[in-house]
Amino acid sequence: MRKPFIAGNWKMNLLRDSAVALVKGVVDSVQGDDVEVAVCPPAVYLPDCAAVISGSSVGLGAQNMCDQAEGAYTGEVSAAMLTDIGCSYVILGHSERRQYYGETDESVNKKLFAALAGKLVPIVCVGETLQERESGKTADVIATQVKGSLAGLSSEQAATVVVAYEPVWAIGTGKTASPEQAEEVHAQIRGLLGELFGADVAEAIRIQYGGSVKPDNAVELLGQANIDGALVGGASLKADSFAAIVAAAKA
Ligand code: PGA
């Protein structure tokens, strides 16, 4: 049985006071015993948020990291630095990083190994653009991204990874994939994971859905057989809507 996992991706929003207020609100409104819950604040506020979540069931994640362990990489943050300040997770290959910062399956794959070496749980994002969906390429795009991003992992390593399916056309647009559209891709991803890592590992890996997840669509999405949680952007910036999505995962 896969434990549902809800993560909030705050992206480049909030300042210190509002970030601390939000994480306090999340800690107060979320009980995470049957659902795994994490927040992913902007990197500079991770230490402030770590202090607030300390002793609670809410986990902490980063939105990005360096593919190298240490050294002369100006401006970068390593996996060891993230674990050092209390992170347990890192989002890798979010579509905004692929779109605006040139990340590719290859660079995501390098970061993935660095994250695992640094004892972080990676949340590896994949998803097709609207143009790719409309031209019937969704399955091919997803297969390429899953195989490329997870290339070279052992089955043991793969079992610790979280995959997030985030159709690019649904991110921040208010357009959600229908539960059927999302489930179709999630089932495909699970099948691919089975081919790559074996059926038992594929059954254990959590696959989150992301893209305009809101309290009012979360129950239906999370009710699908292969949807094991959500990566939430906009609706994670308010403690009450994020808590409502966590509650939907328990339902
Ligand atoms: P959204 O973002 O919920 O605002 O669509 C999701 C994401 O990018 O992870």
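Bear in mind these aren't lab numbers, they're just calculated from the coordinates by the rules spelled out. Keep in mind that what you see is a predicted model, and the values were worked out from it rather than measured. Here the Cβ is made from the backbone with ideal geometry for all residues, glycine too, and neighbour counts use every protein chain on show.
Net charge near VAL52, counting Lys/Arg +1 and Asp/Glu -1 over other residues with Cβ under 11 Å of its Cβ?
Working: positive: LYS24; negative: ASP28, ASP48.
Charge balance in the 11 Å sphere: -1.
Database remark: amide H of GLN224 closer than 5 angstrom to no amide H (H placed geometrically; neighbours at sequence offset of 5 or more, or on other chains; Pro and chain starts carry no H).
Shape class of the stretch 1-69 from the alpha-carbon gyration tensor: oblate, with a/c at 1.5 or above and b/c at least as large as a/b.
For the charge dipole of the chain, defined by +1 on Lys and Arg C-beta atoms and -1 on Asp and Glu C-beta atoms about the Cα centroid, which residue among ASN9, THR104, GLY223 has the Cα displaced farthest towards the positive pole? Farthest towards the positive pole: ASN9. Remark on VAL121: its backbone amide H falls under 5 Å from those of TYR89, VAL90, a criterion applied only to residues 5 or more positions apart or on other chains, H modelled at 1.01 Å from N. Convex hull volume of the C-alpha atoms in the stretch 1-151, normalised per residue: 138 Å³. Computed over the stretch 116-251, the alpha-carbon pair-distance distribution with 10 angstrom bins reads 13, 44, 33, 10, each value a whole percent.
Taking the centroid of alpha carbons for each part, the stretch 9-71 and the stretch 169-197 are 25 Å apart. Residue-wise HN-Hα couplings along the stretch 100-106, as the Karplus relation 6.51 cos²θ - 1.76 cosθ + 1.60 with θ = phi - 60° gives them from phi, are 9, 10, x, 6, 10, 4, 5 Hz; Gly and Pro carry x. Protection proxy ranking for 135-142, 24-31, using the average of other Cβ atoms within 10 Å per residue and placing the highest first: 24-31, 135-142. Could you derive backbone 3J(HN,Hα) for the stretch 238-245 from the dihedral phi with the Karplus parameters 6.51, -1.76 and 1.60 (θ = phi - 60°), listing whole Hz in sequence and x where the residue is Gly or Pro? Values per residue, Gly and Pro as x: 10, 4, 5, 6, 5, 5, 5, 6 Hz.
Close amide H pairs (under 5 Å, H built 1.01 Å from N) link GLY229 with PHE5, TYR209, residues at least 5 positions away or on another chain.
Whole-Hz Karplus values for the stretch 192-204 come out as 4, 4, x, 5, 7, 10, x, 5, 5, 5, 4, 5, 8 Hz, taken residue by residue from phi with 6.51 cos²θ - 1.76 cosθ + 1.60 and θ = phi - 60°; glycine and proline positions read x. Counting lysine pairs in the chain whose alpha carbons fall under 17 angstrom apart, excluding pairs fewer than 8 residues apart on the same chain, gives 12.
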